[in-house]
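Following: one structure in structure tokens, then a few remarks.
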There are 2 protein chains.
Amino acid sequence: MKVLVVGANGQIGKHLVRFIQGSDSMEARAMIRKQEQASFFEGLGAETAVVDLEDDVDVIEKAAEGVDTVVFTAGSGGNTGKDKTLMIDLDGAVKTIEAAKTAGVKRFVMISSFDTTRRAIQEANENFSPYVVAKHYADEWLKATDLDYTIIHPGLLTNDEGTGMVNAAPEVNRDEVPREDIARTILASLENDKSIGKEFQVVKGATAIKDAIDPMK
Amino acid sequence: MKVLVVGANGQIGKHLVRFIQGSDSMEARAMIRKQEQASFFEGLGAETAVVDLEDDVDVIEKAAEGVDTVVFTAGSGGNTGKDKTLMIDLDGAVKTIEAAKTAGVKRFVMISSFDTTRRAIQEANENFSPYVVAKHYADEWLKATDLDYTIIHPGLLTNDEGTGMVNAAPEVNRDEVPREDIARTILASLENDKSIGKEFQVVKGATAIKDAIDPMK
């Protein structure tokens, strides 16, 4: 299974490409914004594709050609203006979804934010609510497609070392979660088709990740 | 026909409420953000509803109860940040669409921007593109509903006196158009069911508005 990792140079993305390259059944294509970010991924033996999410949708489509799965883990980050929230978190995500469809990719894993419901938009403070709106519409857009989607809603991301254990369910109490465990959760979702058509929140916990994301267990 | 005018205190909105109150078959409910804006509309004999588009969707729904048509002509304006573009031009519009559905309103007229296509997003400069993205998604959201929609894409808005004449078609050359003529175009759309399910650009021109928006003429 070849996986296009969009936002590969982010912290979750880097963990994910490393895990994919370490797995037996998958290989990664790292989608990055700048050529100088490529060496890290080349060192892992991964392909790279240099694309800016503000590029035309056909540029993204070209990067998605020949892959089986797209993982969207890009984000505009907290240090950019709200214009980038619209252009990357919303429009970049939707363009990636459309590019996946056109390129014939069937599987799509979206890294969303913890709560993107209508209620969450209303309850968010003024500084955070535009981000929730952007993620809300990206999630809604994905759910309205025929893609085999999984939407992962991580809790408060930390750089703590991963434990391999999480608490995952459609609704869990808000808590921290290491980025490394989110990357492992993405990998486990790709390895388990029962995660298709599902969305769940993920925080730190006491259940092995493979079991935590399997709704049958 | 009772018409909820969302963004009534804007320049197009004020013209529109005036025209509606002057018509034989319609009456307006002006949705405004602040109570102190009410006197202008009360002077025209129109109802008012004080609602902030950042309020919960059920507050908007209450304002939409008992009307036959919703016209969305609100905008965050050029002097606010890109956060307001997301919260008003995108999320405020979508909440109004959802509120119309829940309130049982069938007819919805959206005042969009001149070009909200994917191509327009890519061609817009960095300062303008977030606004185009917001309007693009609002338009797409509306088209995906079962509402009897009309989407009006005005050219460069001016405060020139209206002429009662425009050039309207799915694609016209970009040009100026007086706000007063856009308000008349909205009124004409409400009076002609052939505008349902249609979207068209409107600039100044030489065709009487009633004829210009009638695709059969």
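With respect to the conditions (1) farther than 26 Å from A:Val105 by Cα; (2) open to solvent by less than 70 Å² (accessible area, probe 1.4 Å); (3) of a type outside the set (A, V, I, L, M), A:Arg174 falls short on a single one, namely (2).
In segment B:179-208, the qualifying residues are those that are in a loop (DSSP other than H, G, I, E, B) and of a type in the set (A, V, I, L, M, F, W, C), and the one that is surrounded by the most Cβ atoms within 10 Å (Cβ to Cβ) is B:Ile196. Would you confirm, using the coordinates I've provided, whether A:Lys135 is within 12 Å of another protein chain (Cβ to nearest Cβ), under 13 Å from the mean Cα position of the chain (by Cα) and open to solvent by less than 30 Å² (accessible area, probe 1.4 Å)? Answer is yes for this residue.
Selection of helices (runs of 4 or more DSSP H) fully inside segment B:2-85 by the criterion of at least 1 residues being within 30 Å of A:Lys84 (Cβ to Cβ) and modelled with pLDDT of 95 or more returns B:11-22, B:57-64. The residue that is farthest from B:Val70 (Cα to Cα), among those in segment B:14-36 that are open to solvent by less than 40 Å² (accessible area, probe 1.4 Å) and not small (Gly, Ala, Ser), is B:Phe19.
Of everything listed in (1) open to solvent by less than 50 Å² (accessible area, probe 1.4 Å); (2) at pLDDT 95 or above, the single unmet condition for A:Thr145 is (2). Inspect segment B:75-85 for any residue being out of contact with any His (no Cβ under 8 Å at 6 or more places or on another chain) and touching a residue at least 60 places away in the same chain (Cβ under 8 Å) and give the result as yes or no. Yes - at least one qualifying residue is present in segment B:75-85. What tally of residues in segment A:186-211 results from selecting those that are without any contact (Cβ under 8 Å) to a residue 40 or more places away in the chain and in contact with a Pro (Cβ under 8 Å, 6 or more places away or on another chain)? Summing the residues that are without any contact (Cβ under 8 Å) to a residue 40 or more places away in the chain and in contact with a Pro (Cβ under 8 Å, 6 or more places away or on another chain) in segment A:186-211 gives 1. Being in contact with a helix residue (DSSP H, G or I) (Cβ under 7 Å, 6 or more places away or on another chain) and of a type in the set (Val, Ile, Thr) is true of B:Val109. Looking only at segment A:150-163, residues that are farther than 18 Å from A:Gly77 by Cβ and open to solvent by 20 Å² or more (accessible area, probe 1.4 Å) come to 4 in all. The selection criterion, being open to solvent by 50 Å² or more (accessible area, probe 1.4 Å) and either more than 14 Å from chain B (Cβ to nearest Cβ) or more than 26 Å from A:Ala134 (Cα to Cα) (or both), holds for A:Gln11. Restricted to segment B:88-130, and to residues there that are facing another protein chain (nearest Cβ under 10 Å) and basic (Lys, Arg), the residue that is most open to solvent (accessible area, probe 1.4 Å) is B:Arg119. Checking A:Lys62 against (1) more than 14 Å from chain B (Cβ to nearest Cβ); (2) charged (D, E, K, R); (3) in contact with a helix residue (DSSP H, G or I) (Cβ under 6 Å, 6 or more places away or on another chain), which single condition isn't satisfied? Of (1) more than 14 Å from chain B (Cβ to nearest Cβ); (2) charged (D, E, K, R); (3) in contact with a helix residue (DSSP H, G or I) (Cβ under 6 Å, 6 or more places away or on another chain), only one is false for A:Lys62: (3).
The values are calculated or read from the model by the stated rules, or taken from the named source; none is laboratory data. These figures come from a predicted structure and were not determined experimentally. Note: ideal-geometry Cβ built from the backbone for every residue, glycine included; neighbour counts use all protein chains shown. SASA here: full protein model, heavy atoms, side chains in, ligands and nucleic acids out. Shrake-Rupley method; radii C 1.70, N 1.55, O 1.52, S 1.80 Å.
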